[in-house]
Structures are given as C-alpha cells and as structure tokens.
Amino acid sequence: MALVVVLTFFVLLANAEKRILLNDPDVIHSQLHTLEQKMEEVMAWKADMTVKYNTLLTNTNAGGVFVRWGRKECPGNNTELIYSGYAGGSWWDHTGSAAEFVCLPPDPDLTTKYTSSRALMYGAEYDSGEFSPRAENGDDLPCSVCRSTAGSSVLMIPGKSSCYDGWSLQYHGDLVAGAYSHKAATQYICLDEHSGTVAGGHHNYDGKVFYPVKAVCGSLTCPPYQDNRYLSCAVCTK
C-alpha cells in the first residue's frame with residue numbers, strides 16, 4: 001500500500017513539473033526556436049529535391065531520335081545532329097527484301113568475315129519526275145539522323161503538315177513510299193518539303209525507290225480525305 005502511495009506521489013509530481021515547464025516562457029521560446037530550425041531544414045530539403053526533380057525531368061524529356069529524309073542537316077528546333085548520310089534500303093523488285101528505309105552513315109565500318117550473302121543494301125533514289133525541280137528521276141537521297149534535346153517522344157503524322165497542340169514541329173513535307181506495283185515491301189516516310197540530293201548521285205540506278213503517296217477513297221473515308229489527292233506529313237516531338 002505504501003509503495004502505491006509513493007508511486008502516485010511521483011506521478012503527480014511529474015505532471016506538475018510538466019505543467020510548470022509548459023507555462024515557462026523560456027521553455028516555450030526554446031521549443032519554438034527548435035521548431036523554426038526544423039522547418040528551415042525541411043524547406044531546404046524541399047528546394048534541393050525540386051532542383052533534382054527538374055533536372056531529372058529535363059533529362060528525361062530529351063533524347064527523341066528521328067530521321068530527316070532528304071536533308072543533310074537537322075531542323076533548328078532544339079535538335080542536334082548525330083550524323084548525316086545516305087538513304088538506302090532494298091531493291092524494289094526483290095520479293096524477300098527488307099521493307100524499311102535506312103539512313104546509312106558516311107563512315108561505315110565494313111567487315112570481311114563473310115564470303116556469301118543473301119541480303120543486300122542499295123541506295124535510295126527519287127524515282128519520279130514529280131519531285132522536280134528539287135530533284136530529278138534517279139537523283140540519290142540524303143538524310144540526317146537527329147536527336148531532340150527538348151523532347152523524348154517522336155511522332156510522324158501522315159496527312160498533316162502541322163503538329164497537334166503540345167507537340168513541336170521538326171519538319172513537314174510529303175508522304176512517300178515504294179510503288180504499289182513493285183514486289184518489294186516498303187514503308188511510309190516523311191520526305192522534307194525542301195529535300196535535296198546527294199552530290200554526284202544523279203545516275204538512275206534504281207535501288208530503293210519511292211513515290212508520292214495519294215489517297216484512294218473507298219475504305220478510306222472521304223471526306224475528309226479526297227480521292228487522288230497527295231498526302232502531306234509532319235514529324236513532331238514532345
């Protein structure tokens with residue numbers, strides 16, 4: 001019983017001391033000062049995290065790579081040139097050839113470890129007089145591989161000469177592809193509106209060839225599309 005009384009006395013004494021400390025101006029001032037220091041530390045940490053987040057966001061939103069077909073340089077819209085080279089691909093009449101166009105570098109690292117091959121690479125040519133006067137039938141096609149320093153996503157929009165809201169235009173031009181009557185499959189690419197030619201590449205060797213693309217109404221909804229009208233294109237980044 002005596003032990004219970006002693007313990008009760010110390011509990012009451014401790015509570016009384018707490019009430020006295022809480023009413024002490026020096027104690028309150030000290031606690032407020034400590035709280036202010038903690039708040040300053042939290043704000044400094046928040047500012048540091050904001051800087052790191054923005055840096056990460058900037059780095060994350062950069063790096064989208066695209067090919068500018070028909071030009072040796074990149075557009076001046078937050079881009080950097082990786083390399084400029086020559087458009088190439090498969091022969092237009094080979095049934096087993098690869099479909100895509102490629103941008104070949106000007107400084108290839110070639111190998112001699114093989115002695116036979118069933119896959120071939122050719123240069124790409126304008127194969128239509130309709131590209132005149134910027135290019136004639138048989139002119140070779142330059143290209144440039146570009147990296148966006150402000151966007152990580154790249155989108156080629158067929159049938160548009162501008163980008164949708166929130167996207168930045170890199171270049172626009174004409175939608176082109178291989179002829180529908182040729183055996184080899186191709187792909188749709190966006191040829192720059194102001195495309196040029198490769199110096200000295202004017203002989204008509206064929207190879208990977210392409211033509212302007214026009215709309216055919218039927219399963220393609222008209223309007224908004226129109227029969228036998230040629231399609232534009234735009235390359236956009238975000």
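None of the figures in this text is laboratory data; all of them are computed from the coordinates on show. Keep in mind that what you see is a predicted model, and the values were worked out from it rather than measured. Every residue, glycine as well, gets a Cβ built from its backbone with ideal geometry; the counts of neighbours run over all protein chains shown.
Could you pull out the pairs from 183/238; 183/214; 113/183; 72/208; 72/113 whose alpha carbons sit more than 25 Å apart here? Where the Cα-Cα span goes over 25 Å, the pairs concerned are 183/238; 113/183; 72/113. If you take all other residues with their beta carbon under 14 Å from the beta carbon of residue 149, and give Lys and Arg +1 and Asp and Glu -1, the sum is +1. A simple count of charges around residue 198, restricted to other residues whose Cβ falls under 11 Å of its Cβ and scoring Lys, Arg +1 and Asp, Glu -1, yields -2. Cβ crowding within 10 Å ranks 230, 164 as 164, 230, fewest other Cβ atoms first. Sorting 165-172, 213-220, 104-111, 136-143 by average packing, meaning the other beta carbons within 10 Å per residue, from highest down gives 136-143, 165-172, 213-220, 104-111. Note down the net charge around residue 213, summing +1 for each Lys or Arg and -1 for each Asp or Glu among other residues with Cβ under 12 Å from its Cβ. Local charge sum for residue 213: 0. Here the residues 113, 160, ranked from fewest to most Cβ neighbours within 10 Å of their Cβ, fall in the order 113, 160.
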